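Engineer: What follows is a single structure, and I will ask about it in a moment.
The values are calculated or read from the model by the stated rules, or taken from the named source; none is laboratory data. This structure is a prediction, so every number in the text was calculated from the model and none was measured. Every residue, glycine as well, gets a Cβ built from its backbone with ideal geometry; the counts of neighbours run over all protein chains shown. For accessibility, only protein heavy atoms count, side chains too; no ligands or nucleic acids. Shrake-Rupley method; radii C 1.70, N 1.55, O 1.52, S 1.80 Å.
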Amino acid sequence: MILAIESSCDDTSLAVMEIKTKKLLFHKKISQELEHSVYGGVVPELASRLHAKALPEILSRTKEFFPKLKAVAVTNAPGLSVTLQEGVMMAKALSISLNISLIGVNHLIGHIYSLFIEKDEIKPMMVLLVSGGHTKILNFNGIDDVCEIASTMDDSFGESFDKVAKMLGLGYPGGPVIEKLAEKGAETVGLPLPLKNSPEIAFSYSGIKNAVRLAIETGRYKSEDIAASFQAKAIEHLVFMSKRAVKKYRPFNFAIVGGASANLKLREEFEKLSKKFGFKLLYPEMKFTSDNAAMIARAAVEMYNKGMFTDYKKIKIIPRVEFEKCE
Ligand code: KG4
Ligand code: ZN
């Protein structure tokens, strides 16, 4: 079995997975959303303190598995350095005291493996990763073979929902509240479609966000209409750029992962794209869209089988990671 730890942002989570069957034997997550909500975003030092409290609490419930553990896996990149540190310290301590291997997992690869919990992996696959920290299109061809087609030049998709929610005084995280509010609204606010006239495949959310700010300042629009217009444009931008990537690489499988893959309007729009281009569309189960240790455990099983271990003396915390660009 592998014990996995996730603490890259504002969720403390631990999971235990059986290596051979990929069965999830234990999974627990303590979310800090309420604590950060009053600030309209994650406060790193507060998050770190809450991880320090929650990690041992959850760990104490996994003791029955200790004799059967072959490895301990931990998210060591990317994320907030002060929160990654909490998980990595615990993983190192467990690796030493239980005398088991250590596996450092890239959180973004973890999100890809949220698709394959208790399942075999599917490859090759184009992946749209939409989270609070990242907006990327990747080509996935296995745990050690991932390249980047596109990334955001400024804000990420999820982050733009968080910022718009903050402007409307709706708290954090913004994604679910904006999605809910948008159901009651009409797309009456004119907003720009970013990078429409540039030939590259890339994302940018700062323009839409600023246009939303100006619209709010006029005082002319209802919050629900702002939410509906913003969400529609943010998704249209994702679809517009994904279409360019699909035309270029013609994938058979296309997956949407990350916290924002829970958005039903987004899923609806990509269903249309899937019909048009004939690719198979995949998403994680709803409970695995946001940050969790089950996806870290699943990625770690693949790494374990390939012998991708990390020396506990050398494990590093890497707040930002770059993928190699696809050809
Ligand atoms: O993957 P995740 O849990 O954490 C990161 O790794 O960043 O993603 C969290 C992000 C937040 O920005 C949140 O607002 C966004 O995902 N999100 C959504 C929805 N649910 C969560 N964005 C749009 N629509 C949603 N339904
Ligand atoms: Zn994440």
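Engineer: Roughly how many Å² is the accessible area per residue of the range 125-283, as a whole number, for a 1.4 Å probe? Don't jump to the answer; show the numbers that get you there.
Structural biologist: On the way: 6730 Å² over 159 residues.
Averaged over the residues of the range 125-283, the accessible area is 42 Å².
Engineer: Looking at the range 125-283 only, what percent of DSSP beta bridges run antiparallel? Nearest 5 please.
Structural biologist: On the way: 11 of 19 bridges.
If I count the DSSP bridges inside the range 125-283, around 60 percent turn out antiparallel.
Engineer: Based on a Kirkwood Rh over C-alpha pairs, give the Stokes-Einstein translational diffusion coefficient of the chain at 20 °C and viscosity 1.002 mPa s in µm²/s. Spell out each step's value before the answer.
Structural biologist: Numbers: Rh = 20.2 Å.
The calculation lands on 106 µm²/s.
Engineer: While we're on this one: For Leu168, tell me the accessible area in Å² from a 1.4 Å probe, rounded to the nearest 10.
Structural biologist: 30
Engineer: May I ask what percent, to the nearest 5, of DSSP beta bridges between residues of the chain are antiparallel? Don't skip to the answer; put the middle values down first.
Structural biologist: Details: 24 of 43 bridges.
Percentage antiparallel, nearest 5: 55.
Engineer: Can you send over the carbon and sulfur percentage of the accessible area for the chain, probe radius 1.4 Å, protein chains only? Don't jump to the answer; show the numbers that get you there.
Structural biologist: Values: 7590 of 14540 Å².
Exposed carbon and sulfur together represent 52 percent of the surface.
Engineer: With a 1.4 Å probe and every protein chain left in place, work out the accessible area per residue of the range 20-65 in Å², rounded to a whole number.
Structural biologist: On the way: 2810 Å² over 46 residues.
Per residue, the range 20-65 has an accessible area of 61 Å².
Engineer: Turning to a different aspect of this structure: Tell me the angle of helix 293-305 to the major Cα principal axis of the chain, expressed in degrees between 0 and 90 and rounded to the nearest ten.
Structural biologist: For 293-305 against the chain, the angle is about 60 degrees.
Engineer: Can you tell me the order of 289-300, 153-164 when each peptide is scored by its average per-residue count of other Cβ atoms within 10 angstrom, highest first? Each step should come with its number before you reach the end.
Structural biologist: Values: 289-300: 29.3, 153-164: 23.0.
Ranking, from highest mean packing down: 289-300, 153-164.
Engineer: Mind pulling the angle between the C-alpha long axis of helix 81-98 and the longest principal axis of the chain? Nearest 10 degrees, somewhere in 0 to 90.
Structural biologist: It is inclined by approximately 20 degrees.
Engineer: Using only alpha-carbon positions, what ratio does the radius of gyration of the range 125-283 give when scaled by 2.2 N^0.38 Å? All intermediate terms of the calculation are to be shown ahead of the outcome.
Structural biologist: Working: Rg = 15.4 Å, N = 159, 2.2 N^0.38 = 15.1 Å.
That works out to 1.02 for the range 125-283.
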